[in-house]
Amino acid sequence: MQIARRYLVQGRVQGVGYRYFVQHAAARLGIRGWVRNLDDGSVEVYAIGSLAEHDELRARLHRGPGMADVHGVEVREAAMEKLGDFRITA
């Protein structure tokens, strides 16, 4: 069963390759969706996948790339969107 979630990632997550890290992780996990920087310095992730895929993605979001310093990951259930892959958006 596929579910959709939004993740709000806070900390030092911009300017450290975080979006590319998330795109790579999502592609390896088979997750569809997108990632984008927000004006407040956080990163938003929209993801569609199985519960197990979401569990693994969330663990990776907490780790981030080497230069990131993640302070928190907020999770919310989301409405399903029709997406074919995982991309970085503006």
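Readers should treat all values here as calculations from the given coordinates under stated rules, not as data from a laboratory. Here the structure is a predicted model, which is why all the values come from computation and not from measurement.
Which one, Gly17, Gly66, Gly41, has the greatest fluctuation when you compute a Gaussian network model over the chain with C-alpha springs under 10 angstrom? Looking only at Gly17, Gly66, Gly41, the biggest GNM fluctuation is shown by Gly66.
The H on the amide N of Ala68, modeled in the peptide plane, is under 5 Å from the matching H of no residue at least 5 residues off or on a different chain. Working note: 222 nm ellipticity from helices only, DSSP H runs with n ≥ 4, each -39,500 (n - 2.57), summed and divided by the residues of the chain, gives -8500 deg cm²/dmol to the nearest 500. Sequentially through the range 20-28, phi angles give Karplus couplings (6.51, -1.76, 1.60; θ = phi - 60°) of 5, 4, 5, 4, 5, 4, 5, 4, 5 Hz, Gly and Pro residues having no value and appearing as x. Eigenvalues of the alpha-carbon gyration tensor of the range 3-88, scaled by 5 and square-rooted, set the equivalent ellipsoid semi-axes at 19, 13, 12 angstrom, largest first. Amide H contacts under 5 Å for Arg87: Gly33, Trp34, Val35, restricted to partners 5 or more places along the chain or on a different chain, H placed in the peptide plane at 1.01 Å from N.
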